[in-house]
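Enquirer: Got a structure for you, written out below as structure tokens; questions coming shortly.
Computed from the coordinates by the stated procedures, all read-outs in this text should not be read as laboratory data. All values derive from a computational prediction rather than experimental measurement. Don't worry about glycine lacking a Cβ; one is built from the backbone with ideal geometry, like all the others, and counts go over all protein chains shown.
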Amino acid sequence: MATLKDDGTVVVDIPTNLEAASLDLPSENHHNVAFGGEPLDSSDLQHRPPMQIVMLIVGTRGDVQPFIAIGKRLQDYGHRVRLATHANFKDFVMTTGLEFYPLGGDPKVLAGYMVKNKGFLPATPSEIPIQRKQIRDIIFSLLPACKDPDIDTGVSFSADAIIANPAAYGHVHVAEALNIPIHIIFTMPWTPTCEFPHPFSRVKQSAGYRLSYQIVDSFVWLGIRDMINDLRKRKLKLRPVTYLSGTHAYSNDIPHAYIWSPYLVPKPKDWGPKIDVVGFCFLDLASNYEPPEPLLRWLESGDKPIYIGFGSLPIPEPDKLTKIIVEALEITGQRGIINKGWGGLGNLEESKEFVYVLDNVPHDWLFLQCKAVVHHGGAGTTAAGLKAACPTTIIPFFGDQFFWGSMVHARGLGAPPVPVEQLQLHSLVDAIKFMIDPKVKERAVELAKAIESEDGVDGAVKSFLKHLPRQRNSETVPTAPPSTFMHPFLLPVKRCFGIAS
């Protein structure tokens, strides 16, 4: 039974006597490594014909940042890259040398919605129009991002291939209309597996893990199907898709690359060769960063601090949370850096010598100065903390942040995750005490060494190029399956229970 909770998450209850069915997949599909086939060497990459590639990325700055790193690497191989994302990030993108095109949607509105609803699904009917407007603005901006001239310069553009994250939603339909390849790259699991549940679901029984992906997908599809069909009919000139189709039905044959370290979360054994786990993708911002003198003096005046910040997420009661943070640092005898972010954290009633409040500073520089980190659990922030060998406590707000909190704790790298609305003084004190244990630091250092050996950016680029069709034509381009009645719905359900097609 699936229940949509008041906080917007889906609870999946499975009978306790039900076992997860064997998927009976061919042995060659069982790869617990980054790539599911023969990797490309550097000569293969360099001899790919130059392409015009559009990246359709929806989300916060942390969602956009790894795609800048991937786009820059594609540029190094001679490809032209347009990064299409929210207008808020235009300067961020263009200063890195990539082309920019604006997508609809406001990341601040999206983040506020996600915090309130714990994910994509609305907690109350009043939230539905807010999210629908955002999604509509996004999906109707995708086609122009793939084929319209540069808004500022007028230089023409016609995408030969699409890289997208799932939050763009209309991406596969645009790829179908343009008859070009698409590759999904994402920071959290979006492909069904028996090894862990969908990040937007709560599933206690492992037998329900794989099914949770189809259930969440079905709830999402119910909310967007009319907008998708409107896009298909009005803009893409495609036939509408069936009432019961879900987004997973359209991505079964589309290659995916997941940009997290397989040392933290190995590739599930039931993910086939079109799905890669390539490593974290880091954008080097530290090399060009010059820290202010007051910050340097404060860092040099005592022990390494604990970083506490929640990025671009809105915080319902920032003053209350600031007070908890300051008191927890005082009780544990630790120094702390508080990042204001978009949430207005760090407004102190009176200054404290053991607390330094700052605006955004590149994590790849700042975390190296810290002994431990406390944050919301965004994939990029989590990756930066682990790369810097920082014990990590995650205070999740929504979505995949709960997943990363669980993964970090399961590896003994940090305290159990505490949802932001449940954070109390005693729980933060306990988390700090957990993180400063030398054994936790040892585990963090061990993982950091493993991450240092990876090149997730190169892995993502190789995954994209590896899965490109050898000849781009209507037979080889990965597009949506036929819209036959009921088939798109039944196929994922069958796969959930290991039933042969």
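Enquirer: For the residues I135, I308, what sequence is obtained by ranking on other C-beta atoms within 10 Å, fewest first?
Expert: So the residues, fewest neighbours to most, are I135, I308.
Enquirer: Can you return the lysines within cross-link range of K269? Criterion is Cα-Cα under 29 Å, with same-chain partners fewer than 8 residues away left out.
Expert: K118, K204, K387, K449, K462, K466, K494
Enquirer: Give the separation of the Cα centroids, the range 279-301 to the range 370-422, in Å.
Expert: After rounding, the separation between the Cα centres reads 20 Å.
Enquirer: Using 0.36 nm per residue, how much length does the chain from Y77 to D230 gain when fully extended, once their Cα-Cα distance is taken away?
Expert: Extra length from Y77 to D230 when fully extended: 51.3 nm.
Enquirer: Suppose the chain between F354 and L238 were pulled fully straight at 0.36 nm per residue; how much longer would it get relative to their current alpha carbon spacing?
Expert: Result for the pair: 35.7 nm of gain on full extension.
Enquirer: Divide, for the range 286-452, the radius of gyration over alpha carbons by 2.2 N^0.38 Å, where N is the residue count.
Expert: In units of the globular-protein estimate, the range 286-452 measures up at 0.94.
Enquirer: Moving on to the next point. How many percent of Cα pairs in the range 270-326 exceed 18 Å?
Expert: Of all Cα-Cα distances in the range 270-326, 68 percent exceed 18 Å.
Enquirer: Order these by the 10 Å Cβ neighbour count, fewest first: W221, W260, W404, W365.
Expert: Fewest-to-most ranking of W221, W260, W404, W365: W365, W221, W260, W404.
Enquirer: Fully extended, how many nm does the chain gain between R297 and L368 (0.36 nm per residue separation, minus their Cα-Cα distance)?
Expert: Computed gain between R297 and L368 is 24.0 nm.
Enquirer: Further question: Starting with the highest mean, order 387-399, 152-164 by the number of other Cβ atoms within 10 Å, averaged over the residues of each peptide.
Expert: By packing density, highest mean first, the sequence is 387-399, 152-164.
Enquirer: Any idea how far apart A87 and D284 come out in nm if each label point goes 7 Å out from Cα toward Cβ?
Expert: Rounded to a tenth, the inter-label distance reads 3.4 nm.
Enquirer: Using the Karplus curve 6.51 cos²θ - 1.76 cosθ + 1.60 with θ = phi - 60°, what ³J(HN,Hα) values do you get for each residue of the range 67-84, in whole Hz, with x for Gly and Pro?
Expert: Going residue by residue, I get 6, 5, 4, 5, x, 5, 5, 4, 4, 4, 8, x, 8, 8, 10, 10, 9, 9 Hz, with x marking Gly and Pro.
Enquirer: Taking the Cβ of each residue in D217, D230 as the centre, tally the other Cβ atoms inside 10 Å and list the residues starting with the fewest.
Expert: By the 10 Å Cβ count, ascending: D230, D217.
Enquirer: May I pose another question? K449 versus I151, label points 7 Å from Cα toward the beta carbon: distance in nm?
Expert: About 4.9 nm, to one decimal.
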